[in-house]
Ligand SMILES: COc1ccc(C(=O)Nc2ccccc2)cc1NC(=O)CCSCc1cnc2[nH]ccc2c1
């Protein structure tokens, strides 16, 4: 909807439907744009909750960044509008819902399904890095499933990234690479690490460095204490790929374009993603 960016949207342009992921995504509702009948997700943010001054330009900047990100595996942010008390984000709606629910239901994915997901995320990340955008929070909670079963990185937004990052600090650490756990500066290679963690979790149903206590998870990450359980049975090609991504020295991690040529991906990923 390219023209949409220019248009001044208001709430009366939409029929509002049921809440999506109650509370999880903040206040997000399924909605239908009246003129086009286009189904979207409408995210409602309360100005009171957003530090008014900073966030205004951050939302603008984010819409600016996101409006240039067009990729089948990245959830679209079509635009935004606001009223007296709230800011509304017009987001793409992913009809097949949240990936983590699917993973919980299946316990773990087949190698073909895991490789297809990992390849599509690698392509999305190559695209983002090409646009000098890193740090797409690619843990299962931030992944949604499109109409054709394709994965969508449904990032919870840049501006909230910081809150998100803090939340990640007190939420799950599982996806943080050593350089972030040791909080040294990081680059696009953090995404390769996170993708490796995700690939492991797709195949085993649990992240590789999971531990009861945060302090233990920290230790396991910085020591790259990578162990492959005997069950479920996973091919050595998959283990080889994961071992090349979960490398402490970020410059030694398998580059994303090399990942797409890895035998496990070539033999298992469905090219349509
Ligand atoms: C591109 O994506 C986003 C872009 C920006 C922001 C954001 O919050 N930006 C922000 C916040 C505060 C201050 C400044 C900027 C959030 C998202 N994405 C989500 O929030 C997750 C999917 S919510 C939609 C959605 C769709 N499809 C579904 N299917 C089932 C559930 C579901 C849920």
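Derivation of every value follows stated rules applied to the coordinates shown; laboratory data play no part. None of these values were measured; they are calculated from a predicted model. For neighbour counting, all protein chains shown are included, and Cβ atoms are generated from backbone atoms with ideal geometry for every residue, glycine included.
For the reader, a short list of remarks on this structure follows.
- Cα gyration tensor, segment 186-269 - rounded (a/c under 1.5), prolate or oblate: oblate
- The Rg/Rh ratio for segment 62-111 is 1.14, where Rg is the radius of gyration of the alpha carbons and Rh is the Kirkwood radius.
- Between 217, 172, 116, the GNM of the chain built on Cα springs shorter than 10 angstrom shows 172 fluctuating the most.
- Most mobile listed residue (130, 205, 149) in the chain, GNM with C-alpha springs under 10 Å: 130
- Highest-MSF residue in the chain out of 49, 223, 244 [GNM, Cα springs under 10 Å]: 49
- Sorting 228-234, 119-125, 140-146 by their mean Cβ neighbour count within 10 Å, with the most densely packed peptide first, gives 119-125, 140-146, 228-234.
- Sorting 58-64, 75-81, 266-272, 32-38 by average packing, meaning the other beta carbons within 10 Å per residue, from highest down gives 75-81, 58-64, 266-272, 32-38.
- Computed [θ] at 222 nm, deg cm²/dmol, the chain (DSSP H ≥ 4; -39,500 (n - 2.57); rounded to nearest 500): -11500 deg cm²/dmol
- Relative to the compact-globule estimate of 2.2 N^0.38 Å, the Cα radius of gyration of the chain comes out at 1.03.
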